[in-house]
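Quick notes on the structure that follows.
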Amino acid sequence: MNFLNKYNYIAASIATIILSACGGGSSESSNPATGIPPDTSTPPDPVLDTSNHAFSVTVDDGLPPLLIDKVDSNEHLSADTATTDIQNNDAFSQAIPAIVQLPEWDAVFKAGDHTFRSNHDGEGPLFNNTSCQGCHIKDGRGEVPSSNIEPMMSMLLKVGSSKGSIDPIYGAQLQVFGVIEGKSGPILAKYQGAINEGLSYGEAYTWVEYELQHGEFADGTSYTLRKPIYKVKDLAYGDFNEDVRFSARVTPHVYGSGLIESIPESSILVYADPNDSNNDGISGRAAYTSQPITGVRQLARFGQKAVTGSILQQISGAYRGDMGVTNTIKPEEPCTSLQTACNEQALLENNKHHDGVDLNNVDLAQVEFYNRTLAVPKRRGFNEENNTWNTDVLAGRALFYKANCHSCHVPRHKTGRALGSVLGDVDLLQIKDTKTNINALENLVIYPYTDLLLHDMGGTCEVTRELASGESCSSGELCFYVQRCDGLADGRPEGDATGVEWKTPPLWGIGLVKTVNPKATFLHDGRALTIEEAILWHGGEALAAQKGYINMTKEERSNLQAFLNSL
């Protein structure tokens with residue numbers, strides 16, 4: 001092709017492009033430059049590559065898909081604008097920044113904080129601790145007693161049967177302290193003391209011992225786990241039911257609760273897969289409860305087995321069950337009908353001046369507001385000056401997804417409406433008829449790392465009666481109740497949860513747990529001394545993820561730890 005012909009060829013091609021762009025020319029005519037008829041076939045629909053998406057399900061939250069190999073731009077802000085910069089031992093006790101900026105809300109937050117930390121009139125006749133803060137230490141986790149002679153104070157044993165019924169004498173949980181008229185301070189249990197002396201002793205003495213279990217990672221590195229053995233003695237009101245089961249609970253953290261409460265129910269249910277329809281081995285199941293005032297059925301998202309649906313329901317039950325402080329939501333004393341000594345002691349309380357209960361609604365509403373507006377600490381491992389993450393954190397994040405940990409510990413949610421308290425708006429002195437939304441909690445992109453669903457974590461339990469020597473026995477003061485479980489099971493159904501199911505706990509803030517409280521440990525019963533031990537205890541639906549961790553190299557395990565510590 002000579003220069004002129006080449007020029008004419010190029011010019012004709014350009015003209016064709018310009019005419020096509022302007023709508024000129026006929027779709028049925030040949031290209032005048034080449035004589036080749038145009039392609040009139042329908043182009044194929046574009047194929048969306050979802051191989052890098054963390055989930056195959058779609059959440060109607062208006063957010064782009066969560067990607068496996070790319071961190072969200074604001075992922076270092078665990079709770080969006082509800083994130084705090086504080087990283088020290090007060091990291092879990094900060095108000096959401098928007099609350100601090102409004103004097104009227106800040107005042108209610110501080111009033112709720114004061115009540116949260118305070119003892120109350122009318123505590124008992126049975127209880128586990130004398131304040132909310134006494135269990136939720138610095139708004140974080142409680143502690144396992146350091147020895148067998150130290151009573152459980154921020155840890156307790158739930159009690160019931162393997163069929164899910166509560167104990168007819170002791171109710172749903174064991175309170176280790178009692179109140180006796182004329183005696184100061186909390187009173188520990190005494191064997192048949194309530195029966196023989198007619199005095200409201202603590203219900204029982206409870207403690208935990210550990211059996212060490214040893215294992216190895218695939219690379220030959222050894223590890224040790226603590227298998228808990230729970231023991232109960234000094235029953236003050238008589239023996240348990242014959243099918244008794246115990247469920248140990250260390251009190252969980254309370255920060256971020258208002259954000260958890262504000263996640264739309266539909267955004268949680270999209271992750272539920274009770275029949276494992278997608279065959280990934282994960283079958284999260286939603287639990288439900290009734291709203292205590294209206295009776296409306298609602299999703300349960302609080303409690304370690306997902307038994308309460310709101311912060312108000314959770315704290316009112318804790319006041320009554322853990323402190324023996326009655327309130328308008330839970331007005332009954334913590335005595336069963338068969339506990340005569342407890343009921344007689346309750347009649348001696350002379351401070352029922354809050355409409356017949358121990359705690360007035362102003363205090364209750366202020367504590368609810370306090371819990372709802374606690375901030376979440378921001379992530380570590382991120383450099384805000386140059387917008388980069390530490391390489392080990394990024395590597396650990398990829399491993400978190402590879403091991404399928406995110407299928408239960410769902411990283412991201414978006415909050416919806418944060419309705420005002422059903423009690424009404426509260427200030428420093430009164431509750432009003434209005435119910436104003438807490439807009440500081442609304443429409444935030446948060447990273448709590450939970451699906452709030454129930455999962456089968458595996459295991460079985462057995463309860464025996466033994467002497468201190470380990471010999472079998474059937475009754476008497478020296479005959480203890482002993483529960484041993486394989487795996488994470490407790491054998492005690494509660495609400496919609498079975499004896500092997502637990503709600504996925506949020507992971508945000510987990511890297512600061514020991515900064516806030518060096519004595520704190522991990523898992524629902526505190527058996528894990530480290531995050532690594534907590535991973536190694538995973539079973540049931542999470543067994544594949546646990547095995548994936550065991551098969552990681554030492555460097556990979558270190559990277560995953562760096563990621564989890566950054567949360």
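Just checking, how many residues over the range 187-229 are surrounded by fewer than 22 Cβ atoms within 10 Å (Cβ to Cβ) and not in a loop (DSSP other than H, G, I, E, B)?
22
Can you spot a residue in the range 275-293 that is among the acidic types (D, E) and either more than 25 Å from I166 (Cα to Cα) or surrounded by fewer than 14 Cβ atoms within 10 Å (Cβ to Cβ) (or both)?
The answer is yes, given that some residue of the range 275-293 is among the acidic types (D, E) and either more than 25 Å from I166 (Cα to Cα) or surrounded by fewer than 14 Cβ atoms within 10 Å (Cβ to Cβ) (or both).
Looking only at the range 351-392, how many residues end up being among the hydrophobic types (A, V, I, L, M, F, W, C), over 30 Å from D121 (Cβ atoms) and crowded, with 23+ Cβ neighbours inside 10 Å?
The number of residues fulfilling the criteria is 2.
If a residue must be over 16 Å from the mean Cα position of the chain (by Cα) and without any contact (Cβ under 8 Å) to a residue 60 or more places away in the chain, how many such residues does the range 521-534 contain?
1
Does A489 count as within 14 Å of F400 (Cα to Cα), in contact with a strand residue (DSSP E or B) (Cβ under 9 Å, 6 or more places away or on another chain) and surrounded by 21 or more Cβ atoms within 10 Å (Cβ to Cβ)?
The answer is no for A489.
Does V159 meet the test of being among the β-branched types (V, I, T), crowded, with 20+ Cβ neighbours inside 10 Å and either assigned to a strand (DSSP E or B) or not assigned by TED's automatic domain parsing to the domain that holds L188 (or both)?
Yes; evaluated as a whole, the condition is true for this residue.
When only residues in the range 426-443 that are among the acidic types (D, E) and in contact (Cβ under 8 Å) with a residue 60 or more places away in the chain count, which is nearest to L269 (Cα to Cα)?
Per the stated criteria, the residue is E442.
Just to verify a result, which residue in the range 124-142, among those that are out of contact with any strand residue (DSSP E or B) (no Cβ under 7 Å at 6 or more places or on another chain) and either in a loop (DSSP other than H, G, I, E, B) or among the β-branched types (V, I, T) (or both), is nearest to K233 (Cα to Cα)?
N129
Condition check ((1) at pLDDT 95 or above; (2) touching a strand residue (DSSP E or B) at 6+ places or on another chain (Cβ under 6 Å); (3) farther than 19 Å from L347 by Cα) across all residues:
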position	(1), (2), (3)
M152	yes, yes, yes
S162	yes, yes, yes
S165	yes, no, yes
P168	yes, no, yes
L174	yes, yes, yes
V179	yes, no, no
I187	yes, yes, no
Y191	yes, no, yes
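I'm told V463 meets every condition in (1) closer than 17 Å to I229 by Cβ; (2) touching a helix residue (DSSP H, G or I) at 6+ places or on another chain (Cβ under 7 Å); (3) among the β-branched types (V, I, T) except one. Can you identify the failing condition by its number?
Going through the list (1) closer than 17 Å to I229 by Cβ; (2) touching a helix residue (DSSP H, G or I) at 6+ places or on another chain (Cβ under 7 Å); (3) among the β-branched types (V, I, T), V463 breaks only (2).
What are the pairs with Cβ atoms under 6 angstrom where one residue, in the range 301-326, is free of Cβ contacts under 8 Å to residues at least 40 places away in the same chain and the other, located anywhere, is assigned to a helix (DSSP H, G or I) and of a type outside the set (D, E, K, R)? Sequence gap at least six, or different chains.
Note: pairs meeting the criteria are T308/Q314.
Under 7 Å between Cβ atoms, at least 6 apart or on separate chains: pull out the pairs that start in the range 86-113 with a residue that is in contact (Cβ under 8 Å) with a residue 24 or more places away in the chain and end on any residue that is part of a loop (DSSP other than H, G, I, E, B) and among the hydroxyl-bearing types (S, T, Y).
F92/Y255; A95/T373; I96/T373; I99/T373; F109/T373
The values are calculated or read from the model by the stated rules, or taken from the named source; none is laboratory data. The structure displayed is predicted, hence computed values, not measured ones. Every residue, glycine among them, receives a Cβ derived from its backbone with ideal geometry; neighbour counts consider all protein chains shown.
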